[in-house]
């Protein structure tokens, strides 16, 4: 029994030891499981401003994303969020990050809506090997940013796209100058947006006229009063009324719009553009603030709200937000909430990509950068540490107590009414309600009113009062203004689609000083005889020129004299051709008349002189010799027609050369340089500088008035005077009998009205001037003031009268030569027939030989000259026939078409008298 008892006792003891061992092993296993569960928690640190609207949205969105991952996406991994709100102090940011890394052992840090905060956290995270997902991005992303902070991932796009959209809006409405406004953050920076805006505006031919920098609203004891003072200064020193807010907190925006509306800067002809940071929270802004912002354009990032994931998120967000923040009247999420949600989902995707349970910082970074999924804000895909996406922006218009969504915009396509970016345009297609409830596009400029009219500078003294004349009447306020430039300005005002109150203000200064007055904002414009020059356009803008301009030289007019003046109306080739045709006509007349006309017979010397006399006398229609042949009459009639044209043209050209006024003894600019002759010009205009620097003339006399030029010319103190073309017209109109001008001119930009750079009135004036040019109104004004009278216009000088050349008359010479040649051939054919008729039959049937051909040629010549035929001797009553017998022989068997019937009668032969 004792043995049995001992055995049972041992068995019981063994079982107890076995149970203890099993329990120990189970406890060890449970401990390992607990340890493993703790290692699968990923701690995420979030640095946000939970007191702001944006921070509230981001906090709830991240909590929803973390809860969704913990409950539905993973059982082996959990996400734990730790929020820090360091406020505006960078030192507190550093302290918060240090606490998250060292005490909370966070694996990833998200948040930071300010780039300065993100850069600081990225530097700390880089040292601790902790990935940082930033909700902010620099204005311009540097290409070395990833090398500097490899653990930084940007969850937001940089500001370049938003700035480009703003510049496109400015371009679309042709605003040339803008005012940039930004609230200086706690770090004393505009985040580079100002430089980015300036560069973008330059590409669309616009610029920043004024920068309104506001301190942080939290640093101002009386923010409203400070903003009011700054706006009043702006109103006095600027004319642009296009306001672009680059960055600002909602409290500062509230003060800005309220005070701007008080001083009239949110109203007629003004335009306001607000950034995404303001436009995205418009739903949460107080109605009174929205009312003061009415008419402003805003920019938001577009996101789709039609997906199921968004609808689920929206339902959860609105429920939680309403519960936690009942004081907020708007509970809908914005783009910042969507980005915050996507940042947590990016981390969850990176966790799910892990192969084992351990996640090192480098693996976490690589997994985050390799994510590619459709988030609530947009497609989440990274390259070089930043989102690889082209955002679609939405233009919104603040109206009533909210806003209306207008067009979409992308940098590639421009504006479009549909998100598919079809039928894109260069302007906003949707109707915009502008400040002051206006539908018409504001000019973005401080337009003049009756209380504040346009201050227009007018030259108080001019050399030629036909352009601008100021009659002071003993009182500057009662001054009267007249002249061509003043009339053109008044005609332009009639063409404008709006009224333009103005006030003329005369000033006795140079043209350059008047331009400076516009540039320095002393005057709003200048009306007068101001020439458009390249160096002036650097500081001001000119309208379309309403008159041409160029440099012209005026000299005393003297007729040209020369002993050989009579030779100049024709060129030497013309003289030579005329002489050749005349001699040819003379030979043809002699050939046609020699056989039949006794006046063209006799000795050789008599025949030559008779023919020369007849031909030359036709030049003056004084010929008296009789002609018998009809062919001769044809030749003579054609030649007389040629002579008529030649003598008329010669007389006209010679008269012009004798009466035209020449630039003598002054020939050209080179002559003035070589002789160092004194010249006159207006010392107040740019002409003097042009003569000295461009034309290199040194001996220049300053002339102040129109009448003074005449005195200088009479006293011979100047040899020539240089005027701009409009002045030259006036001077020649008055002194056309005694002076002449050169046609060689040096061209300039013309006369134009002067306005400040960026003024929209310049464009309106230019359009009105073009209308006046097209309908002839400017021509009528020019005729009234500048165009020479009928007396002077006929005596207007020219440079030279060109001599007549053969190109002008070769047709006449061709007709005359052709007619003479045809008549000559017809007469020659008739001569051959008559000669053959008088030959002997046996000679005609003889075999031809070279000697016989020669004899026939000699016989033909004698027959033509003497009326004789070479035949064998025959008996005759007289060895030497008399003149009558020779004449009878020649006229035998002559056709009556060529020879009149009464040629052998005693009655006197017919004659042609062309006197």
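The values are calculated or read from the model by the stated rules, or taken from the named source; none is laboratory data. All of these numbers come straight from a predicted model, not from anything done at the bench. Every residue, glycine as well, gets a Cβ built from its backbone with ideal geometry; the counts of neighbours run over all protein chains shown.
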The range 357-390, residues that are in a loop (DSSP other than H, G, I, E, B) and in contact with a helix residue (DSSP H, G or I) (Cβ under 6 Å, 6 or more places away or on another chain): 371, 375, 376, 377, 384, 385
Filter pass, residue 205 being more than 32 Å from the chain's Cα centre (by Cα) and surrounded by fewer than 16 Cβ atoms within 10 Å (Cβ to Cβ): no
Sole exception among (1) part of a loop (DSSP other than H, G, I, E, B); (2) out of contact with any helix residue (DSSP H, G or I) (no Cβ under 8 Å at 6 or more places or on another chain) for residue 518, by number: (1)
Selection status of residue 450, out of contact with any strand residue (DSSP E or B) (no Cβ under 9 Å at 6 or more places or on another chain), over 29 Å from residue 702 (Cα atoms) and not in a loop (DSSP other than H, G, I, E, B): no
Selection within the range 96-116 - touching a strand residue (DSSP E or B) at 6+ places or on another chain (Cβ under 9 Å) and in a helix (DSSP H, G or I): 96, 97, 99, 100, 101, 115
Candidate set: the range 344-356, residues that are part of a loop (DSSP other than H, G, I, E, B) and either closer than 21 Å to residue 72 by Cβ or in contact with a helix residue (DSSP H, G or I) (Cβ under 7 Å, 6 or more places away or on another chain) (or both); chosen: the one modelled with the lowest pLDDT: 354
Residue count for the range 129-155, restricted to those that are buried (at least 18 other Cβ atoms within 10 Å of the Cβ) and out of contact with any strand residue (DSSP E or B) (no Cβ under 7 Å at 6 or more places or on another chain): 6
Output for the range 117-137, where each listed residue is part of a helix (DSSP H, G or I) and in contact with a helix residue (DSSP H, G or I) (Cβ under 7 Å, 6 or more places away or on another chain): 117, 120, 121, 124, 128
Residues that are over 51 Å from the mean Cα position of the chain (by Cα) and in a helix (DSSP H, G or I), drawn from the range 327-343: none
Condition check for residue 771: modelled with pLDDT of 90 or more, surrounded by fewer than 20 Cβ atoms within 10 Å (Cβ to Cβ) and either closer than 25 Å to residue 555 by Cβ or touching a helix residue (DSSP H, G or I) at 6+ places or on another chain (Cβ under 7 Å) (or both): yes
Test set (1) assigned to a helix (DSSP H, G or I); (2) surrounded by fewer than 18 Cβ atoms within 10 Å (Cβ to Cβ); (3) without any contact (Cβ under 8 Å) to a residue 40 or more places away in the chain - residue 586 fails condition number: (2)
One residue from 419, 396 being assigned to a strand (DSSP E or B), closer than 28 Å to residue 285 by Cα and in contact with a strand residue (DSSP E or B) (Cβ under 6 Å, 6 or more places away or on another chain): 396
Residues that are in contact (Cβ under 8 Å) with a residue 60 or more places away in the chain, surrounded by fewer than 19 Cβ atoms within 10 Å (Cβ to Cβ) and in the same structural domain as residue 81 (by TED's automatic domain parsing), drawn from the range 323-353: 352
Subset tally (residues that are surrounded by fewer than 17 Cβ atoms within 10 Å (Cβ to Cβ) and either free of Cβ contacts under 8 Å to residues at least 40 places away in the same chain or in contact with a helix residue (DSSP H, G or I) (Cβ under 8 Å, 6 or more places away or on another chain) (or both)) for the range 406-420: 6
Filter pass, residue 833 being in a helix (DSSP H, G or I), at pLDDT 75 or above and surrounded by fewer than 16 Cβ atoms within 10 Å (Cβ to Cβ): no
Test result for residue 382, touching a strand residue (DSSP E or B) at 6+ places or on another chain (Cβ under 8 Å) and closer than 28 Å to residue 291 by Cα: no
Lone unmet requirement of (1) part of a helix (DSSP H, G or I); (2) closer than 19 Å to residue 403 by Cβ; (3) in contact with a strand residue (DSSP E or B) (Cβ under 6 Å, 6 or more places away or on another chain) for residue 298: (1)
Filtered residues of the range 64-80 (kept if under 20 Å from residue 101 (Cα atoms) and touching a residue at least 40 places away in the same chain (Cβ under 8 Å)): 66, 77, 79
Hits in the range 366-380 - residues which are under 15 Å from residue 132 (Cα atoms) and buried (at least 22 other Cβ atoms within 10 Å of the Cβ): 368
Residues of the range 47-66 that turn out to be over 20 Å from residue 327 (Cα atoms) and at pLDDT below 90, as a count: 0
